[in-house]
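Colleague: Structure incoming, see below.
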Amino acid sequence: MGKKKKDVEKVAALDNEYTKEQYAEFQKQQKQLIFRRRRLAVVFLVAFVIFIVSGVQLMKDYQQLNAFKKQQVEAVAESAEADKKLNRLEQDVALLRDEDYVAKLARSLFYVSKEGEQIYNIPELGGTTSSSSDQKQSSQESQSQSHSTEKQSGE
């Protein structure tokens, strides 16, 4: 093998027009190959940057979508709660349009009775009530008790 390297070193290039053309063609092909490789590298680099940017944007959009879904769940829960409250208020309005109910409510709140009606004060089981809905329920219970008392005394 050592002899072949020495033999190659001993070979001299011909200095004629054909070899110059072939050498120029070889140089041209090498430059085109290098240019193509660089262009391909630039294309891959640009594609990589585009994929990275779009991937980051996609992740941000995904996180924002999750945040919107959480807000939607909260909004639906608030809407359901508001609907329940609206229904309760509509029921209260319907009850307050009934004159008998308003009269019973006033009598139960102010401990006033009709003639022949007896009022019994029953303390709350859970202690003091803090919310208006508990007070409404207790007033409704006392009305129903006073109503049953009225029926008994009327008989």
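What follows is calculated from the coordinates using simple rules that are stated; it is not laboratory data. These figures come from a predicted structure and were not determined experimentally. As a convention, Cβ positions derive from the backbone with ideal geometry for all residues, glycine included, and neighbour counts pool all protein chains shown.
Colleague: Please state the shape class of segment 1-130: rounded when a/c is under 1.5, otherwise prolate if a/b exceeds b/c and oblate if not, all from the C-alpha gyration tensor.
Modeller: On the way: a/c = 16.21, a/b = 6.00, b/c = 2.70.
Prolate is the answer for segment 1-130, as a/c is 1.5 or above and a/b outweighs b/c.
Colleague: Let me ask you something else. Say R0 is 22 Å: what FRET efficiency, to the nearest 0.05, do residue 93 and residue 122 get from their beta-carbon distance?
Modeller: Efficiency, from the Cβ-Cβ distance: 0.20.
Colleague: What is the sum of charges, Lys and Arg at +1 and Asp and Glu at -1, for the other residues whose Cβ falls under 14 Å from the Cβ of residue 45?
Modeller: Cβ neighbours under 14 Å give a net charge of +3.
Colleague: Follow-up question, since we're still on this one. Give me the distance in nm between label points sitting 7 Å out from Cα along the Cα-to-Cβ direction at residue 40 and residue 64, one decimal.
Modeller: Result for the modelled spin labels: 3.8 nm.
Colleague: How would segment 1-70 be classified by its alpha-carbon gyration tensor: rounded, prolate or oblate, with rounded meaning a/c under 1.5 and the a/b versus b/c comparison settling the rest?
Modeller: Judged from the Cα gyration tensor, segment 1-70 comes out oblate (a/c at least 1.5, b/c at or above a/b).
Colleague: Among 107-114, 21-28, what's the highest-first ranking by average C-beta atoms within 10 angstrom per residue?
Modeller: Working: 107-114: 13.4, 21-28: 10.1.
Listed from highest to lowest mean packing, they are 107-114, 21-28.
Colleague: Let me ask something else. So what's the net charge close to residue 25: Lys and Arg +1, Asp and Glu -1, counting the other residues with Cβ under 14 Å from its Cβ?
Modeller: On the way: positive: 20, 28, 31; negative: 17, 21.
Its environment carries a net charge of +1.
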